[in-house]
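Okay, structure first, notes after.
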Amino acid sequence: MELAVAPEMPTYSGGLGVLAGDTVRAAADLKVPMVAVTLLHRKGYFHQKLDPAGWQTEEPVEWPVEERLEEMPGRAEVVLEGRRILVRCWRHEVHGAGGFRVPVYFLDVDLPENSEWDRTLTHYLYGGDLHYRLCQEVVLGIGGVRMLRALGHGAIERFHMNEGHASLLGLELLDEEARRAGRTAITHEDVEAVRRKCVFTTHTPVPAGRDQFPLDLAKRVLGEHQAMSDIKDLICCGDVLDMTFLGFNLSHYINGVAKKHGEISRLMFTRYNIDAITNGVHAVTWTAPAFQELYDRYIPGWRQDNFSLRYALSIPRQEVWQAHAHGKRRLIQQVNQAIGSGMKEEVLTIGFGRRAATYKRADLLFHDLERLKRIAAAGPLQIVYAGKAHPQDQGGKELIRKIFQVREAVGRDIPIAYLVDYDMEVGRLMTAGADVWLNTPQPPLEASGTSGMKAALNGVPSLSILDGWWIEGCIEGLTGWAIGVDGASASDEADRSRDAALLYDKLEQVVVPLFYRDRERFIDVMLHSIALNGSFFNAHRMLQQYVLKAYF
Ligand SMILES: *Cc1c(COP(=O)(O)O)cnc(C)c1O
């Protein structure tokens, strides 16, 4: 549904799209023959405006599609509510470290042949209502397969669904099987044939992250399909078209995105065999210029082979510190220019950049302001935030407002900045410029999290709740620090206080003293972040696991 190619193309909202982009970039590096399909999102995932009180409003981002992408001659068609909709697509090619190319196809229905309303279906990412979303998913799933065929990709061996938004592709593959056999009715052999071709990655244990549509809506939009009548167990249970179940039922391999998330998913979906492949990020994309230059000098070949980042341990500490200082200066300059918050390069800088969703608990650090001020009095702190709330997420918007209120209250003692329009560019700046990357999700809701992996590539250790990837990535005091212990955090208010207290303890007793009074050992943690985590939590390792475990 979303894929992040470049900051100047606002075709993604967050982790899901960035991961899709990183997967494609890794495929290009590793010469894995892959093509990607997504929607165009002509109006982008909104421009974020924050008023002086921190209240978010949204504006569409118009971007020059024709300048950034190449239009393809192929056309496809889908039927929505009995109407024929023409689909075209635009291509972007991702170039790998060795020159191999992987195309990304952006589907577009904004064509004069289509009706006014239909033309809007590839305008807004996660906009509109259920009906709008379902129509988009027909374009993505069914239109996607047909477009691939129209472009001459007839012999695709594996279809990898990145979440349930693309699950309708399974219906199209079923119809293809039946057609090929000269039938109209779908048989169990067809289902087995499609399952052999499909792979499904589930990304979230949050129910709101799952697409479910009332069956009567689905029938109205899609028309009568056998999958919604006599083989109804394919699509879920009762009167719901559940895209997760549809994707599961038509895949031979299903995975969660970290080991813990695999466990949680097996508990949520007990009838399915669910594996785990822990996410990774594309190293070159997320490594800041100063570190790229450092790795080029000390670890030649790291661009093609991210595993070799393990040799970072032999880079002289002073050079690592200088590369970090370079990234930090860029961030502080940007923050001071944009917001005038008077941040200083010597001060311990905490970074927190992620979607403003309530389960991510961006305000946990502010649970006890007096305590936070005492900590900052012993060793100065400054905090940089960024993140968009989904336009319909009031809770997320309140969270941003609360951060603005806290800034009013403590900004004199603890400079706080909120950068607008969190995107790949802001993400890069922050994950390279902070001294410590903070993450405080409410377990077990952070399926993986990936921004801490970007930080690790830039020698920035994480201070995080043990959830998602951090359960695997945290070696206490060596790659960063845990807040609490695995499985101890939960969702009620008492646990929130306890998680906050544990966060303050770790900051006060470990992180702040280490940063100000034992810089050599702090830099040791930075080196191990790169060598142990940068070398593993990258998209090269992730894609190799997909190739071995899922694709073949
Ligand atoms: C990496 C990234 C994310 C995902 O980060 P999480 O740690 O999973 O929250 C979201 N948005 C942008 C712009 C990113 O670069």
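The values are calculated or read from the model by the stated rules, or taken from the named source; none is laboratory data. For clarity, every value in this text was computed on a predicted model and none was experimentally measured. All Cβ positions, even for glycine, are placed from backbone atoms using ideal geometry, and neighbour counts span all protein chains on display. Keep in mind that these areas ignore ligands, DNA and RNA; they rest on the heavy atoms of the full protein, side chains included. Shrake-Rupley method; radii C 1.70, N 1.55, O 1.52, S 1.80 Å.
Within region 502-552, which helices (runs of 4 or more DSSP H) (wholly inside it) include 1 or more residues that are acidic (Asp, Glu)? Please lay out each step first, then the result.
Details: elements: 512-517, 519-528, 539-545.
So the answer is 519-528.
Which residues, taken from region 152-202, are among the small types (Gly, Ala, Ser), open to solvent by 10 Å² or more (accessible area, probe 1.4 Å) and at pLDDT 95 or above?
GLY152, ALA166, ALA181, GLY182, ALA193 - these are the residues of region 152-202 that are among the small types (Gly, Ala, Ser), open to solvent by 10 Å² or more (accessible area, probe 1.4 Å) and at pLDDT 95 or above.
Can you pull out the residues in region 249-276 that are more than 20 Å from GLN442 (Cβ to Cβ) and within 17 Å of the chain's Cα centre (by Cα)?
Correct list: ASN255, ALA276.
Which of (1) in a strand (DSSP E or B); (2) of a type outside the set (D, E, K, R); (3) open to solvent by 10 Å² or more (accessible area, probe 1.4 Å) is the odd one out, the single condition GLY238 does not satisfy?
Failed condition: (1).
Going by the structure shown, is LEU125 under 24 Å from VAL18 (Cβ atoms), assigned by TED's automatic domain parsing to the domain that holds ASN255 and of a type in the set (A, V, I, L, M, F, W, C)?
no
Can you pull out the residues in region 378-397 that are open to solvent by less than 20 Å² (accessible area, probe 1.4 Å), away from the ligand (no atom under 13 Å from the Cβ) and of a type in the set (A, V, I, L, M, F, W, C)?
Result: LEU381, ILE383, VAL384.
Which ones in region 402-415 are buried (at least 17 other Cβ atoms within 10 Å of the Cβ) and within 29 Å of LEU125 (Cβ to Cβ)?
Once the filter is applied, which keeps residues that are buried (at least 17 other Cβ atoms within 10 Å of the Cβ) and within 29 Å of LEU125 (Cβ to Cβ), region 402-415 yields ILE403, PHE404.
Select from region 332-375 the residues that are hydroxyl-bearing (Ser, Thr, Tyr) and within 16 Å of the ligand (Cβ to nearest atom) and write down the one among them that is most open to solvent (accessible area, probe 1.4 Å).
THR358
Can you run down the residue pairs with Cβ atoms below 8 Å, 6 or more apart or on separate chains, where the first is in region 426-449 and within 22 Å of THR201 (Cβ to Cβ) and touching a residue at least 60 places away in the same chain (Cβ under 8 Å) and the partner is within 7 Å of the ligand (Cβ to nearest atom) and of a type in the set (Ser, Thr, Tyr)?
Hits for this filter: GLY427/SER451; ASN439/SER451.
Are any residues in region 246-287 farther than 18 Å from HIS540 by Cα, open to solvent by less than 20 Å² (accessible area, probe 1.4 Å) and of a type in the set (A, V, I, L, M), and if so, which ones?
LEU246, LEU250, ILE254, ILE274
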